[in-house]
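What follows is one structure encoded as structure tokens, with my remarks underneath.
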Amino acid sequence: MPNTLLTPQIIANETLRRFRNNLGFASSIRHEYDDRFAQKGGKIGDHITLRQAVMFAAVDGAPISKQNVVEKSATLTINRHKHVAFEFPLSDLALNIDRFGERYLEAAGSALANAVDVDLLTTAYQSTHNFVGVPGTIPTAIKSYNQAGAWLDKSSCPLDQQRYVVIGPDMQVEIVDTLKALFQSSPQIKRQYEKGRMGIAAGMNWILDQNVRTHTTGPFGGTPAVVGAGQTGSSINTSGWSAAAASRLTKGDIIQFAGVYAVNPVSGDAYADLANWVVTEAFASDGSGLGAVQISPELIAAGPYKNCSGSPEDAALISIFSKVQADQAGIASKASPQGLAYHKDAFAWAMVPFEKPGGVDFAAVATDKDGTGFSLNIVRDFDVDAYSMVSRVDIQYGFAVPIPRFATRIVS
């Protein structure tokens, strides 16, 4: 039977399928979709507002104490665009879709999925403030992952089937080796031996992703401390760094302030653990060892949204990855793969279809009809500079971290 000539829509649909099948981390998080994105003339803008649950504080006694309703939200902006471009002979359009897919579309779909995973994992870890582990030391015990789950519990994360762990290959080698002798033969252990994947353990679904990001800690230096009591918000004035203008912290480093403890987000009760804050911009001190460190989440010391026991006192010492000054040299400038334990709702992303262009050799837009909103387009046209027919596959998407406390980094 002769092969059917492939159409642009067949090619686009098959590329989308292969793109979706190659997603790792991105397949396990919240995916936002509004079908108005797909309607010509019915666009809803370049962003989606992700509303968060309203929180109140319980008050003692019968007299009424009114509270303002504060609706917090995160904005997911469609601001990322990636593409793959390639050439194929016109005669290949006469191949069957499987052969055409093997020759071109698998590579295109895989490259785009890989690029999305790298992008999302980078933003995810750099937006996550809670953590377990020590930079430069791969966890070898299940206790480390249980401790990550405990941070989710303390953060009022739902206890459901939507908790995940994503780890890199070296992390997986250690934990699979640790668990191999704990159980008798079972489908779960069979997967560990045959595929090196754990399935479900410690109350979470486990994912291996070779794109788990490696974070390099800052060079640090000095005895950093807070300058000025009562500070709140996303910028904290500091002093005590080595008296020279130099880089101290990298984006993604995690710090703590002495005497400032994490709290239960519902009751407001303080825990025994110091609160964690992630550095959102690379920080360099000035020549006197001073500077403002940008942090997330914003420090809120009072009210229904408070996220710590109080503001740091003046001269409160700063720890980095829970290391006091005397121990910080051992983790300075250390490369550290960043696993993640998280609930699906901690992170969110969305894809938006392009409008099909006209005036080209061929073009098509493919969008999933099952509610995911995964979408891409393919365009083929003549390149007058190269004097050849060139095809390109494009995607556009956005990413946000609406509930960062529903995630914990597993540093290694």
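Is it true that ALA366 is of a type outside the set (Val, Ile, Thr), within 18 Å of ALA113 (Cβ to Cβ) and surrounded by 22 or more Cβ atoms within 10 Å (Cβ to Cβ)? Walk me through it before giving the result.
Details: of a type outside the set (Val, Ile, Thr): yes; within 18 Å of ALA113 (Cβ to Cβ): yes; surrounded by 22 or more Cβ atoms within 10 Å (Cβ to Cβ): yes.
Answer is yes for this residue.
Yes or no: ALA113 modelled with pLDDT of 70 or more, within 23 Å of ALA348 (Cα to Cα) and of a type in the set (Gly, Ala, Ser)? Please lay out each step first, then the result.
Values: modelled with pLDDT of 70 or more: yes; within 23 Å of ALA348 (Cα to Cα): yes; of a type in the set (Gly, Ala, Ser): yes.
Yes; evaluated as a whole, the condition is true for this residue.
From ALA243, ALA272, grab the single residue that is assigned to a strand (DSSP E or B) and surrounded by fewer than 22 Cβ atoms within 10 Å (Cβ to Cβ).
On the way: ALA243 fails: assigned to a strand (DSSP E or B).
ALA272 is the lone residue from the list that is assigned to a strand (DSSP E or B) and surrounded by fewer than 22 Cβ atoms within 10 Å (Cβ to Cβ).
For the stretch 128-140: of the residues being on the phi < 0 side of the Ramachandran plot and surrounded by fewer than 20 Cβ atoms within 10 Å (Cβ to Cβ), which is nearest to the chain's Cα centre (by Cα)? Steps first, please.
Kept after step one, since they are on the phi < 0 side of the Ramachandran plot, are these residues of the stretch 128-140: 128-132, 134-135, 137-140.
The next check asks that each one be surrounded by fewer than 20 Cβ atoms within 10 Å (Cβ to Cβ); those that pass are 134, 137, 140.
Values: VAL134: 20, THR137: 21, THR140: 23 Å.
Selected residue: VAL134.
How about the stretch 355-412: which strands (runs of 3 or more DSSP E) wholly inside it have at least 3 residues that are not assigned by TED's automatic domain parsing to the domain that holds ASP119?
In the stretch 355-412, 407-411 are the strands (runs of 3 or more DSSP E) which contain 3 or more residues that are not assigned by TED's automatic domain parsing to the domain that holds ASP119.
Among (1) among the charged types (D, E, K, R); (2) within 25 Å of the chain's Cα centre (by Cα); (3) farther than 30 Å from SER155 by Cβ, there is one condition LYS369 misses while meeting the rest; what is its number?
(2)
Going by what's in this entry, would ASP253 be described as charged (D, E, K, R) and surrounded by fewer than 17 Cβ atoms within 10 Å (Cβ to Cβ)? Write out each step before concluding.
Values: charged (D, E, K, R): yes; surrounded by fewer than 17 Cβ atoms within 10 Å (Cβ to Cβ): no.
No: the conditions fail for ASP253.
Going through ALA301, ALA284, ALA341 one at a time, which residue ends up being under 30 Å from THR49 (Cα atoms) and in a strand (DSSP E or B)? Reasoning before the result, please.
Working: ALA301 fails: in a strand (DSSP E or B); ALA284 fails: under 30 Å from THR49 (Cα atoms).
Residue meeting the stated conditions: ALA341.
Tell me which residues, restricted to the stretch 246-269, are under 19 Å from GLN325 (Cα atoms), of a type in the set (Ser, Thr, Tyr) and part of a loop (DSSP other than H, G, I, E, B).
THR250 - this is the single residue of the stretch 246-269 that is under 19 Å from GLN325 (Cα atoms), of a type in the set (Ser, Thr, Tyr) and part of a loop (DSSP other than H, G, I, E, B).
Before we move on, is GLN147 assigned to a loop (DSSP other than H, G, I, E, B) and either hydroxyl-bearing (Ser, Thr, Tyr) or out of contact with any helix residue (DSSP H, G or I) (no Cβ under 8 Å at 6 or more places or on another chain) (or both)? Explain how you work it out, then say what you get.
Working: assigned to a loop (DSSP other than H, G, I, E, B): no; either hydroxyl-bearing (Ser, Thr, Tyr) or out of contact with any helix residue (DSSP H, G or I) (no Cβ under 8 Å at 6 or more places or on another chain) (or both): yes.
Here the answer is no, as GLN147 does not meet what is asked.
Step by step: first the residues of the stretch 136-175, then only those that are among the acidic types (Asp, Glu) and more than 21 Å from SER27 (Cβ to Cβ), then the one that is modelled with the lowest pLDDT. Which residue is that?
GLU174
Could you check the stretch 275-310 and list, in sequence order, the residues that are surrounded by 19 or more Cβ atoms within 10 Å (Cβ to Cβ) and of a type in the set (A, V, I, L, M)?
Scanning the stretch 275-310 gives ALA275, VAL278, VAL279, VAL293, ILE295, LEU299.
Given the condition among the β-branched types (Val, Ile, Thr), within 28 Å of the chain's Cα centre (by Cα), in a loop (DSSP other than H, G, I, E, B) and crowded, with 17+ Cβ neighbours inside 10 Å, answer yes or no: does some residue in the stretch 318-333 qualify? Can you show your working first?
Taking the stretch 318-333 and keeping what is among the β-branched types (Val, Ile, Thr), we get 318, 320, 324, 331.
Applying the additional criterion that residues be within 28 Å of the chain's Cα centre (by Cα) yields 318, 320, 324, 331.
Now restrict to residues that are in a loop (DSSP other than H, G, I, E, B): 324.
Subset that is crowded, with 17+ Cβ neighbours inside 10 Å: none.
Looking for residues that are among the β-branched types (Val, Ile, Thr), within 28 Å of the chain's Cα centre (by Cα), in a loop (DSSP other than H, G, I, E, B) and crowded, with 17+ Cβ neighbours inside 10 Å, one finds none in the stretch 318-333, hence no.
I need the full set of residues from the stretch 381-412 which are of a type in the set (Lys, Arg) and either buried (at least 22 other Cβ atoms within 10 Å of the Cβ) or modelled with pLDDT of 95 or more (or both), in order please.
ARG405, ARG409 - these are the residues of the stretch 381-412 that are of a type in the set (Lys, Arg) and either buried (at least 22 other Cβ atoms within 10 Å of the Cβ) or modelled with pLDDT of 95 or more (or both).
The values are calculated or read from the model by the stated rules, or taken from the named source; none is laboratory data. These numbers were taken from a predicted model, which means no experiment stands behind them. Neighbour counts are summed over all protein chains in view; Cβ atoms, including those assigned to glycine, are modelled from backbone coordinates with ideal geometry.
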